[in-house]
Amino acid sequence: MSGYSSLNDADLVRRCRDDDADAWNELVERYSRYVYAIAVRGFRMSDEDAEDVFQDVFTRIYTRLDSLRDDSALRPWIAQLTRRRCLDAIAAKRDVPVEDVTEEGSSDLSDVEEAFEVREAMSGLSDACQDILDRFFTRDQSYKTIADELDIPSGTIASRIARCLSRLRSELEGRNEPSSGSRE
């Protein structure tokens, strides 16, 4: 499956449409945490209900991929499918019409989107930066623990984190700039 993780969404969709099993596996791998996070964090679903949503969403993606109009809009399409499926599941449990169900965790959904964008931007960083930021922010390791595990002076950790955060900020800003090259 080498090389698939570097494909952009549009190329990945095209390969999935050509019945490329490795491309489909990459699509599921790339978006599985995203779908699950929307269900659990955005809609506060139980693990069991989130798993049901997950299965249904990826089944729908597989059967309806040809209906995606813009291959590069895969992530928003998956988010929309997931939200709709979550609303359907909540409505079914409450035995109320879907129109009466609101997105209870809509602010959490924007947090999920933001976290996904940060994770994507991190993939553009060096392995060393990804590792140190992951250790500090995701695993909540102390400077001392990171220093011990990486065998570098603990005084160096803060400057490396700052440098890597600066690079991450540049990655994120590069993703949010219009491609026309206009400046503020």
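The values are calculated or read from the model by the stated rules, or taken from the named source; none is laboratory data. In this text the structure is predicted, and so the values were computed from the model without any measurement. Cβ: placed from backbone, ideal geometry, glycine included. Neighbour counts: every protein chain shown. Only protein heavy atoms, including side chains, enter the accessible area calculation; ligands, DNA and RNA are left aside. Shrake-Rupley method; radii C 1.70, N 1.55, O 1.52, S 1.80 Å.
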Pairs with Cβ under 6 Å, 6+ apart, first in the stretch 135-155 and of a type in the set (Val, Ile, Thr), second surrounded by 15 or more Cβ atoms within 10 Å (Cβ to Cβ) and in a helix (DSSP H, G or I): 146/135; 146/157
Pull up the stretch 54-69, narrow it to residues that are over 19 Å from the mean Cα position of the chain (by Cα) and among the charged types (D, E, K, R), then point me to the one that is nearest to residue 85 (Cα to Cα). 64
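Have a look at 83, 33, 75 and point out the one that is charged (D, E, K, R), part of a helix (DSSP H, G or I), open to solvent by less than 50 Å² (accessible area, probe 1.4 Å) and closer than 23 Å to residue 114 by Cβ.
On the way: 83 fails: open to solvent by less than 50 Å² (accessible area, probe 1.4 Å); 33 fails: open to solvent by less than 50 Å² (accessible area, probe 1.4 Å).
After applying the criteria, what remains is 75.
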Residue ID - nearest to residue 10 (Cα to Cα), chosen from residues in the stretch 36-72 that are buried (at least 16 other Cβ atoms within 10 Å of the Cβ) and β-branched (Val, Ile, Thr): 61
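For (1) at pLDDT 65 or above; (2) assigned to a helix (DSSP H, G or I); (3) surrounded by fewer than 14 Cβ atoms within 10 Å (Cβ to Cβ), each residue gets a yes or a no:
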position: 87; (1), (2), (3): yes, yes, no
position: 90; (1), (2), (3): yes, yes, no
position: 93; (1), (2), (3): yes, yes, yes
position: 96; (1), (2), (3): no, no, yes
position: 99; (1), (2), (3): no, yes, yes
position: 117; (1), (2), (3): yes, yes, no
